[in-house]
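Peer 1: My questions all concern the structure below.
The values are calculated or read from the model by the stated rules, or taken from the named source; none is laboratory data. Computed from a predicted model, the values in this text were never measured in an experiment. Methodologically, a virtual Cβ is constructed for each residue, glycine included, from the backbone with ideal geometry; neighbour enumeration extends over all protein chains shown.
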Amino acid sequence: MTKVMIPTPLRPFTDKQDAVEITGSTVGEILTQLTAKHEGLQKHLYNEDGKLRSFVNIYLNDEDIRYLQREETPVKSGDTLSIIPSVAGGVPQ
């Protein structure tokens, strides 16, 4: 199983869990299983075309999947997948 870390803004869709265990052999399979189990996540992670939203960053064991094989990146039991929403803003100087 792969541990999927859920960011605070998305926890209402996972029964307030900060992490869930999901089975799959690729990042894409893990995300498919995650959104099937917790349906409310679908619209927050994917756009209308079924593509990951540009502001959603996915890390596999601290590696950004954009620099690996994206959703085709293989995962193994014991890996950790982190969903990190982009943060914008700040204080003008």
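Peer 1: Quick test for you: out of Lys16, Lys37, pick the one residue that is of a type in the set (Lys, Arg) and on the phi > 0 side of the Ramachandran plot.
Peer 2: Only one candidate qualifies: Lys16.
Peer 1: Which residue is nearest to the chain's Cα centre (by Cα), if the candidates are limited to region 66-85 and must be more than 16 Å from Ile6 (Cα to Cα) and hydrophobic (A, V, I, L, M, F, W, C)?
Peer 2: Filtering region 66-85 for residues that are more than 16 Å from Ile6 (Cα to Cα) and hydrophobic (A, V, I, L, M, F, W, C), the one nearest to the chain's Cα centre (by Cα) comes out as Val75.
Peer 1: Of all residues in region 75-88, how many are small (Gly, Ala, Ser), within 21 Å of Ser25 (Cα to Cα) and exposed (fewer than 11 other Cβ atoms within 10 Å of the Cβ)?
Peer 2: The total comes to 2.
Peer 1: Quick one: what pairs do we get from region 55-67, first residue aliphatic (A, V, I, L, M), second surrounded by 13 or more Cβ atoms within 10 Å (Cβ to Cβ) and assigned to a loop (DSSP other than H, G, I, E, B), C-beta under 8 Å, 6+ apart or different chains?
Peer 2: Note: pairs meeting the criteria are Leu60/Leu68; Leu60/Thr73; Leu60/Val75; Leu60/Asp79; Ile65/Thr73.
Peer 1: Report, ordered by the first and then the second residue, all pairs with beta carbons closer than 8 Å, sequence separation of six or more or different chains, a first member in region 72-93 that is closer than 18 Å to Thr35 by Cβ, and a second member that is among the aromatic types (Phe, Trp, Tyr) and modelled with pLDDT of 85 or more.
Peer 2: Short answer, once both residue conditions are applied: Leu81/Tyr59; Ser82/Tyr59; Ile84/Tyr59; Pro85/Phe55.
Peer 1: Pairs please, first residue from region 1-20 and over 13 Å from Gly78 (Cα atoms), second anywhere and assigned to a strand (DSSP E or B) and at pLDDT below 95, Cβ atoms under 9 Å, 6+ apart in sequence or on different chains.
Peer 2: Listed pairs, sorted by first residue: Pro7/Ile84; Pro7/Pro85; Pro9/Pro85; Leu10/Pro85.
Peer 1: Then there's this: Return the residues of region 40-62 that are at positive phi and either within 10 Å of the chain's Cα centre (by Cα) or at pLDDT below 95 (or both); say none if nothing qualifies.
Peer 2: Scanning region 40-62 gives Gly50, Asp62.
Peer 1: Going through region 53-79 one residue at a time, which ones are of a type in the set (A, V, I, L, M) and farther than 21 Å from Glu21 by Cβ?
Peer 2: If the condition is that a residue be of a type in the set (A, V, I, L, M) and farther than 21 Å from Glu21 by Cβ, then Leu68 is the only one that fits.
Peer 1: In region 19-74, what residues are of a type in the set (Phe, Trp, Tyr) and buried (at least 17 other Cβ atoms within 10 Å of the Cβ)?
Peer 2: Correct list: Tyr59 only.
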